[in-house]
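Asker: Below is one structure. I have some questions about it.
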Amino acid sequence: MRKQIVAGNWKMNTTPEEGIALVKRIMELSTSVPSDVEIVVSPPFTHLYAIASSIKNSRIKAGSQNCAAWKKGAYTGEISVDMISAAGASHVIIGHSERREYFNETSPTLLEKIKLALSSDLTPIFCCGEVLEDRDADMHFDAVKVQIEEVLCKLKSKEVQKIIIAYEPIWAIGTGRTATPEQAQEMHSFIRKIMADKFGDDVANSISILYGGSCKPTNAAEIFAKPDVDGGLIGGASLDAADFIAIAQSFPQ
């Protein structure tokens, strides 16, 4: 049975005080979410430890938005997986489209990050997705396939089973545009087939694949109802506790 997951990516938003207030409200509202739905929040590094400490005895889990591609050393400004784990996080987002675009992160770098995250018992949330030009040129399947083959397909079966995949239609992030539920299902099914072809059906069917493109309370239920959509990686809506929890309540029962 695949996990149903709603993960919030706060990006470069909230001060420590604002973050604590937000996660406290999320905790209060989370009692209305079915117990089998996993809830993850990923605050900025500056208050990851404070957030992780405040949710220690709750059902909420903490994630990091990124990690370094090195174990330790003279890498000014970087945050290692061991630091993230020691801060109390259980998850780490790797390969988000903004990291790829603005910080030129490549597949070899992302592969190294995933291996390091796994070595520190962190659960990677690996992001993949196509830009508008790929979608319009009918190259979206090719673009996503390359991203997966260059990273996930280079892992061992037992490693892949510890990973969450997040599909980001990059053209739908922060634009107000949203992939239709049918488009989301089509790509999620395609991703699962890539994993099945490489690792077998049992492994592929055990991996949670999240939708990561402008998911809101108004469209979450329709998207989550699709058979290969196991939840969402939520951006802007995760900064509003009521909206975030409404999304977490949107799985079919």
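Asker: Take the residues in the stretch 83-105 that are in contact with a Lys or Arg (Cβ under 7 Å, 6 or more places away or on another chain) and outside any loop (DSSP other than H, G, I, E, B), then tell me which one is surrounded by the fewest Cβ atoms within 10 Å (Cβ to Cβ).
Answerer: That would be H91.
Asker: Can you tell me which of (1) surrounded by 21 or more Cβ atoms within 10 Å (Cβ to Cβ); (2) within 22 Å of A184 (Cβ to Cβ) is the one D142 doesn't meet?
Answerer: Checking D142 against (1) surrounded by 21 or more Cβ atoms within 10 Å (Cβ to Cβ); (2) within 22 Å of A184 (Cβ to Cβ), the one that fails is (1).
Matching residues to (1) of a type in the set (K, R); (2) surrounded by fewer than 20 Cβ atoms within 10 Å (Cβ to Cβ):
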position	(1), (2)
I125	no, no
I164	no, no
S189	no, yes
K193	yes, yes
F199	no, no
V203	no, yes
S206	no, yes
L210	no, no
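Asker: Looking at E130, is it touching a Phe, Trp or Tyr at 6+ places or on another chain (Cβ under 8 Å) and either surrounded by fewer than 20 Cβ atoms within 10 Å (Cβ to Cβ) or closer than 29 Å to R177 by Cα (or both)?
Answerer: Yes.
Asker: M195 passes all but one of (1) modelled with pLDDT of 95 or more; (2) in contact with a strand residue (DSSP E or B) (Cβ under 9 Å, 6 or more places away or on another chain); (3) under 22 Å from I26 (Cβ atoms); which number fails?
Answerer: Status for M195: all satisfied but (3).
Asker: Quick check on this structure: which one of A74, A21, A62 is farther than 30 Å from A172 by Cβ and not charged (D, E, K, R)?
Answerer: A74
Asker: Would you say G63 is without any contact (Cβ under 8 Å) to a residue 24 or more places away in the chain and of a type outside the set (F, W, Y)?
Answerer: no
Asker: While we're on this one: Working only within the stretch 134-180, note down all residues that are modelled with pLDDT of 95 or more, farther than 18 Å from K113 by Cα and assigned to a helix (DSSP H, G or I).
Answerer: Hits for the stretch 134-180 are H140, F141, D142, A143, V144, K145.
The values are calculated or read from the model by the stated rules, or taken from the named source; none is laboratory data. Quick caveat, the model's predicted, so the values are computed rather than measured. Glycine also receives a Cβ, built like all others from the backbone with ideal geometry; neighbour counts cover every protein chain displayed.
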